[in-house]
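Structure, as structure tokens:
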Amino acid sequence: MVWACIALGACAVLAVPGTAPGLSGDARLTLAVFALATCAWIAAPVDDTHVALVAGLALTTTGVISSDTLFATLGDPTIWLLICAFVLAAAVTRTGLAGRAAAFLVSGARTVRQLVHLTTAALVVTAFAVPATSGRAALALPVFLALAHALAGRRRLVVMLALLFPTVVLLSAVATLIGAGAHLITVGVLLEQTGEGIGFTRWLILGLPLAVVSSHLAAEAVLLTTTRKKDRGGPVEITVAEIQEHSGTPVSGPLSPPELRCLLLLGTVVALWCSEPLHGVPPAVVALIGALVASSPALGTVRMKEGLRSVPWPMLLFMAATTAMGVALVESGAAGWLVGGLPDGVPPWLFLTLVVVVSTAAHLVLQSRSARSSVLVPLVVAASVGAGVNPVAAALASTAAAGFCQTLPASAKPVALFADLPDGVPTFTPRDLLRLSAVLAPLSAALVLFFALAVWPLLGVPVLLESQP
């Protein structure tokens, strides 16, 4: 009710002539629709995709954007990239390659700290095989249950692992362009507002180091905040047989022909994505070729119908609709008006600090990662230009910071999945999450800010707008 009053109050103010001078009629309509949609995402018991589609339709029927603009977003190459990536992920999941790789790494642990960091490394690698955090969490659940069974006599270690799995899944998503739908929204906004896109290879160069460092730092934070010194002592021995009990596919022994074909296909696709500057084939085209091979009768491991069934179509429609909303914000002048009141002369480091802090805290209000980027990134990009900050650096910092969402069980689907485990399997409590968040939130924000100010400039993303080549 409070959020509805806020949204309606904002709409009423925008409807009064004379308020907000310099704001066109289209901009007023855009801001009103945006305010209502944001409040609905926060508080209304309505699906996020439904809200986004209604907002996009409202902007189209009022003439703020054309119908061609609304529907063209579904044909964007990033949408096709994600569709094909999910078909490839279905092929990988069906063969059990991901579970085999995780079992191989985890079974080599001999101490608690080795187990934690080998598990972290395995989860980071899955970002290249499964393009959704919820899908990666579901894929990792059988491995966790096997570990929980093997460590049944050490309850605090099981609780620690239950918290480690979703934490690493969420923070490591920034490694790849297809790691989260929010990344594709960010790329679309940048392309629309600045004309500069971020390809798979460039995102990999910028995001993978951050994903690796943040995931392993988070692993240490989980370990130290969830266990005591006596819990971390003593040897650990996880056997392949124990992991096999909870896996529906083999996790050891020679690779089967379907596994070999799938491994070769996945390696080829990732290699082509990474070498795009050499051959010039767009990532979406490479993904489409890979999806067709993965679902072909002779070489594939999954039928096309089954692969397409695994695609999260509501998320794709959400991305398309929110991209259209972002276009409306920019073309109507609403985004420029919103950020026009920012004080001049803000130092770049302070601007990026504010962006990172707000983006990190946004999950307390907006639970959907894609919704957070849809709201924040258009405003961040518009504000960064006025502040003399490179919009690519600002958008990346906002998107990476928004990946932190471990404060509450309902803040992210992977957290909710591991908070509700089968009977008899211990898991974390809300108090455990809050304790971790108190340490990890500032640590994560500081790390993103460090990368934006010190690391990404070395990788070709300068902080200042005028220093771009």
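The values are calculated or read from the model by the stated rules, or taken from the named source; none is laboratory data. Predicted, not measured: the structure shown is a model, and the values here were computed from it. No Cβ is skipped: glycine too gets one built from the backbone with ideal geometry, and neighbour counts run over all protein chains shown. When the accessible area is computed, the model is the full protein with side chains, heavy atoms only, and any ligands, DNA or RNA have been set aside. Shrake-Rupley method; radii C 1.70, N 1.55, O 1.52, S 1.80 Å.
Structure summary
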item: Criterion (touching a Phe, Trp or Tyr at 6+ places or on another chain (Cβ under 7 Å), open to solvent by 20 Å² or more (accessible area, probe 1.4 Å) and hydrophobic (A, V, I, L, M, F, W, C)) met by exactly one of VAL281, VAL270; result: VAL270
item: Residue in the stretch 150-168 that is farther than 25 Å from LYS229 by Cβ, crowded, with 23+ Cβ neighbours inside 10 Å, out of contact with any Gly (no Cβ under 9 Å at 6 or more places or on another chain) and of a type in the set (A, V, I, L, M) present; result: no
item: Among the residues listed as THR69, THR78, THR38, THR49, the single one being under 26 Å from ILE178 (Cα atoms), modelled with pLDDT under 85 and touching a Pro at 6+ places or on another chain (Cβ under 6 Å); result: THR49
item: Identity of the residue in the stretch 194-214, touching a Pro at 6+ places or on another chain (Cβ under 7 Å) and not in a loop (DSSP other than H, G, I, E, B), that ends up least open to solvent (accessible area, probe 1.4 Å); result: PHE200
item: Hits in the stretch 361-374 (condition: open to solvent by 20 Å² or more (accessible area, probe 1.4 Å) and not in a loop (DSSP other than H, G, I, E, B)); result: ALA361, LEU364, ARG369
item: Selection within the stretch 276-304 - hydroxyl-bearing (Ser, Thr, Tyr) and modelled with pLDDT under 80; result: THR301
item: Test result for ARG100, assigned to a helix (DSSP H, G or I), modelled with pLDDT of 80 or more and in contact with an Asp or Glu (Cβ under 9 Å, 6 or more places away or on another chain); result: no
item: Residues of the stretch 297-314 classified as open to solvent by less than 30 Å² (accessible area, probe 1.4 Å) and either in contact with a Pro (Cβ under 7 Å, 6 or more places away or on another chain) or of a type in the set (Ser, Thr, Tyr) (or both), total; result: 1
item: Yes/no for GLU245 being among the acidic types (Asp, Glu), modelled with pLDDT under 65 and open to solvent by 60 Å² or more (accessible area, probe 1.4 Å); result: yes
item: Tally of residues being aliphatic (A, V, I, L, M) and open to solvent by 10 Å² or more (accessible area, probe 1.4 Å) across the stretch 397-411; result: 3
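Per-residue answers, yes or no, for (1) over 30 Å from GLY233 (Cα atoms); (2) over 17 Å from the mean Cα position of the chain (by Cα); (3) of a type outside the set (A, V, I, L, M):
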| residue | (1), (2), (3) |
| --- | --- |
| VAL174 | yes, no, no |
| LEU190 | yes, no, no |
| TRP203 | yes, no, yes |
| VAL213 | no, no, no |
